[in-house]
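Take a look at the structure below.
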Amino acid sequence: MRYAIYFTPRQDEPLARIAANWLGRDPFSAATRPVEAVGELSAAEVAFHTASARRYGFHATLKAPFRLASNETEASLRAALDDFAEATPVVTIPRLVVSQIDGFFALVPQAPLPALNRFADDVVRGFDRFRAPLSEAEIERRSPDSLKPAEFRNLCQWGYPYVFETFRFHMTLSGRASPQESPRLRLAIDSLFAEVLQRPVPVDALTLFVETEPGAPFMVLSHHALGRRPARKTA
């Protein structure tokens, strides 16, 4: 079993609904849904391009998937999330835009947002005690030979290469697409998300996801609102 601390909008928010329809899965429930054709992309093409992102659900990674440390429990993790969320203010992203990162499409902030990066840094540090050390096999799965020195140091120290100076907030929408496939895929994503991306996006919660067994889809376990409000538990 692995846990992950992500940001994702509430289930009833338009951005979450559109993303769930695009990916064919809502991580707040066990339900999957057939993907639909979008623009010039057939339903089969959408399903192909979203396959890798579908298992994780629509999210931005804050604390990457980890096995729980032997001296911690799910209850202690959820209690710590409650405490952290209560003491942490909301960070608002003025606008998300569609971008392509290493071949895959994602939503990213239109401009740098230092407050968002500080928030992500605090999550990485604040919850590292809950993470069991990576095994050699887990390190190898990250292809360490392909990582830059700073990324490899982060992997060894924090369990994930892309934190602190290498962090980039992103909400993944596809797997890697070839240069030939990318223009049609981008047009489809732009047409689907254009209207909702005109609105600011408040990063107003931490969401605990769980992978119950290797390869299982990640599901929302609890949703912890930032600021002095009670956490909204879903399970």
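Placing +1 on the Cβ of every Lys and Arg and -1 on the Cβ of every Asp and Glu, with no other charges, gives the stretch 122-235 a dipole of roughly 440 debye about its Cα centre. When each of the peptides 204-213, 64-73, 115-124 is scored by the mean number of other C-beta atoms lying within 10 Å of its residues, the order from highest to lowest reads 204-213, 115-124, 64-73. Is the stretch 136-207 best put as rounded, prolate or oblate by its Cα gyration tensor, with a ≥ b ≥ c the root eigenvalues, rounded for a/c under 1.5, and otherwise prolate when a/b is larger than b/c, oblate when not? Oblate. Label separation (MET1 vs ILE101): 2.9 nm, computed from points 7 Å beyond Cα along the C-beta direction. Take every pair of alpha-carbon atoms less than 8 Å apart whose residues are at least six positions apart; their mean separation over the length of the stretch 2-225 yields a relative contact order of 34 percent. Sort the stretch 70-148 into rounded, prolate or oblate with this rule: let a ≥ b ≥ c be the square roots of the eigenvalues of the Cα gyration tensor; rounded if a/c is under 1.5, and if a/c is not under 1.5, prolate when a/b is larger than b/c, oblate otherwise. Cα axes put the stretch 70-148 in the oblate bin.
Relative contact order for the stretch 144-232: what percent, with Cα pairs under 8 Å and sequence separation of 6 or more? Spell out each step's value before the answer.
Numbers: 59 pairs, mean separation 11.8, N = 89.
Here the relative contact order equals 13 percent.
Evaluated with a Cβ-only charge set (Lys, Arg +1; Asp, Glu -1), the chain carries a dipole of roughly 260 debye about its Cα centre, given to the nearest 20. Coupling constants for the stretch 68-85 follow from the phi torsions by the Karplus curve (6.51 cos²θ - 1.76 cosθ + 1.60, θ = phi - 60°), and in residue order they are 6, 4, 5, 9, 10, 10, 4, 5, 5, 5, 5, 5, 5, 5, 4, 5, 4, 5 Hz; glycine and proline get x. Inter-label distance, ALA150 to ALA132: 3.1 nm, where each label sits 7 Å from its Cα along the C-beta direction. Only one residue of LEU192, THR92, GLY175 has its Cα farthest out toward the positive end of the dipole of the chain, where Lys and Arg carry +1 and Asp and Glu -1 on Cβ, and that residue is THR92. Computed with a 1.4 Å probe over protein heavy atoms only, the accessible surface of the chain comes to 49 Å² per residue. For a modelled paramagnetic label at SER52, 7 Å from Cα along Cα-to-Cβ, the residues of the stretch 166-188 in reach, with backbone nitrogen under 18 Å, are 168-186. Would you mind checking the tilt of helix 14-23 against the longest principal axis of the Cα atoms of the chain, expressed as 0 to 90 degrees and rounded to 10? That works out to roughly 70 degrees.
Note on the chain: with neighbouring protein chains present and a 1.4 Å probe, carbon and sulfur make up 54 percent of its accessible heavy-atom surface.
The values are calculated or read from the model by the stated rules, or taken from the named source; none is laboratory data. Only a predicted model underlies this, so the values are computations on that prediction, with no experimental measurement involved. Cβ atoms come from the backbone with ideal geometry, glycine included; neighbour counts cover every protein chain shown. Ligands, DNA and RNA are excluded from the accessible area calculation, which covers all protein heavy atoms including side chains. Shrake-Rupley method; radii C 1.70, N 1.55, O 1.52, S 1.80 Å.
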